[in-house]
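As structure tokens, the structure follows; a few thoughts come after it.
The values are calculated or read from the model by the stated rules, or taken from the named source; none is laboratory data. Given the structure is predicted, the values throughout are model-derived calculations rather than measurements. Neighbour counts are summed over all protein chains in view; Cβ atoms, including those assigned to glycine, are modelled from backbone coordinates with ideal geometry. All accessible areas refer to the heavy atoms of the entire protein, side chains included, with ligands and DNA or RNA removed. Shrake-Rupley method; radii C 1.70, N 1.55, O 1.52, S 1.80 Å.
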Amino acid sequence: LLDRVSWNLLDNAIKFTPSGGEVVVGVGRDQGFAALSVADSGPGIPEDRIHKVFERFFRLDDSRTPGEREGGTGLGLAIVRALSELSGGRVEAANRKKGGAVFRVYLPLVKESS
């Protein structure tokens, strides 16, 4: 499931990052959760639509996809949310201060048995 979540976030970031832009991946811990972040330097998400990006079949305007890549079906981020929640976690979307979007997935850490 983590493979599918990662792949969808990376595919989305690459799709919306213009040539010469950057995609930054981060991993870490945050208050009992494993945290994965994927940030891009694309156009970002309009603030009034950011709450909709995890809805099935929701797509931003195709003209926001740089280069020759097509926009997609609008299922990738919905799958990310469903798999994150199925695993007991959550996903968040935000815009970066220096442009682009960032998606963060939080999954509960497994406690080691003694």
Discussion item. Cβ contacts < 6 Å: first residue without any contact (Cβ under 8 Å) to a residue 12 or more places away in the chain, restricted to the range 9-36; second residue open to solvent by less than 40 Å² (accessible area, probe 1.4 Å) and not in a loop (DSSP other than H, G, I, E, B), any location; separation 6+ or different chain. Result?
Written reply: 27/36; 28/35
Worksheet item: In the range 54-91, what residues are in contact with a Phe, Trp or Tyr (Cβ under 8 Å, 6 or more places away or on another chain), part of a loop (DSSP other than H, G, I, E, B) and at pLDDT below 90?
Response: 65, 66, 73, 74, 75
Worksheet item: Do you know which residues across the range 1-53 are open to solvent by 40 Å² or more (accessible area, probe 1.4 Å), at pLDDT 90 or above and touching a Phe, Trp or Tyr at 6+ places or on another chain (Cβ under 6 Å)?
Response: 33
Item to complete: Could you list, in sequence order, all residues of the range 92-114 that are in contact (Cβ under 8 Å) with a residue 60 or more places away in the chain and either touching a Lys or Arg at 6+ places or on another chain (Cβ under 8 Å) or not in a loop (DSSP other than H, G, I, E, B) (or both)?
Response: 101, 102, 103, 104, 105, 106, 107, 108, 109
Item to complete: Working only within the range 85-114, note down all residues that are among the small types (Gly, Ala, Ser) and within 11 Å of the chain's Cα centre (by Cα).
Response: 93, 94, 101
